[in-house]
Amino acid sequence: MGWTSLAFAYGSVLTSTKMTQLQDNFGYGAGSPNPTFIAPALGTPASGIATNLTGTASALSIGGNAATATTATTATTATTATTATTVTISDAGGDTTTFPLLGTAATGNLGPATDVGLTYNATTNALSTTTFVGALTGAASGNIPIDAGSEGVGLPMTLYNSSAGAVASGDVAAGSGLRFHFQNADGTGTASGTPTGTWRNITGVVSANGNIHDWQRIS
């Protein structure tokens, strides 16, 4: 069917004849073929913002951040995320061997790591490793080695206070004011030789000149 040119004067009445012609022109008249809708080829959007989407997608990735997501680069709550604000923590409870999480830096987005040489027993609250560096307070179990070399740092010894004066328990004195004390076979003692370094009184009482007490070298 051909196209019919129509002219409408301003304010004119749309008659039934012109209505029929309009329907014929646009394929809706009685004598017109059934119209076929052809969906436009929209292609793939390069970017955009979508809200309240429904349905599923065979392959969908989320770039940037997401508040809640199954997979995301950064997410507040996520099943899988490159960087997560929080993670789910469970109580180790009765686990006898667990591994504390470690990081390669104090801060930053880092992958967690463990070390087989550092374990924690949740049933006894015992942290186990082979080497400890730093000041030790409280109780420790196992063999605690000290430098047992000649007057080694950390070595406890029984010394004679020759001229160090009154040294309270926990206070220190120079080795020059102390003397090595040796027990003789007849039960008497001999003070001889001067230790080097700095020593701490570890007897729990004040050590005065002429006293024999336990000391520990600290430097």
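Net charge of the neighbourhood of Asn201, taken over other residues with C-beta under 14 Å away and scored Lys/Arg +1, Asp/Glu -1, is 0. Kirkwood hydrodynamic radius of region 93-133, from the reciprocal of the average inverse Cα-Cα distance over all distinct pairs: 11.5 Å. Taking other residues whose beta carbon is less than 15 angstrom from the beta carbon of Gly189, and scoring Lys, Arg as +1 and Asp, Glu as -1, yields -1.
A short reminder: the numbers here are calculations on the coordinates, not readings from a lab. Keep in mind it's a predicted model, so treat the numbers as computed, not measured. FYI the Cβ positions are ideal-geometry reconstructions off the backbone, even for glycines, and counts take in every protein chain you see.
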